[in-house]
Amino acid sequence: MPGLHYLCAGYKKFFRHIRKYLRTMATLLENDLPVSYVMEAVKGSLIIKKS
């Protein structure tokens, strides 16, 4: 598209890729859990019950 920066497509792809990790990190923080649990939570081996 004219007027868009040449990196736009790459940024969109990057943010689509990390979206689930960012949402998981936000949920961890909302529940007073360390964000270092993010990979365990994404894999499904950590159950987070929203408070």
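The values are calculated or read from the model by the stated rules, or taken from the named source; none is laboratory data. Note that the structure is predicted; figures quoted are calculated from it, not measured. Neighbour counts are summed over all protein chains in view; Cβ atoms, including those assigned to glycine, are modelled from backbone coordinates with ideal geometry.
Within region 31-51, the set of residues being surrounded by 11 or more Cβ atoms within 10 Å (Cβ to Cβ) and part of a helix (DSSP H, G or I) comprises Val35, Tyr37, Val38, Met39, Glu40, Ala41, Val42. In this entry, Leu28 passes the filter for residues that are modelled with pLDDT of 85 or more, in contact with a Pro (Cβ under 8 Å, 6 or more places away or on another chain), surrounded by 10 or more Cβ atoms within 10 Å (Cβ to Cβ) and assigned to a helix (DSSP H, G or I).
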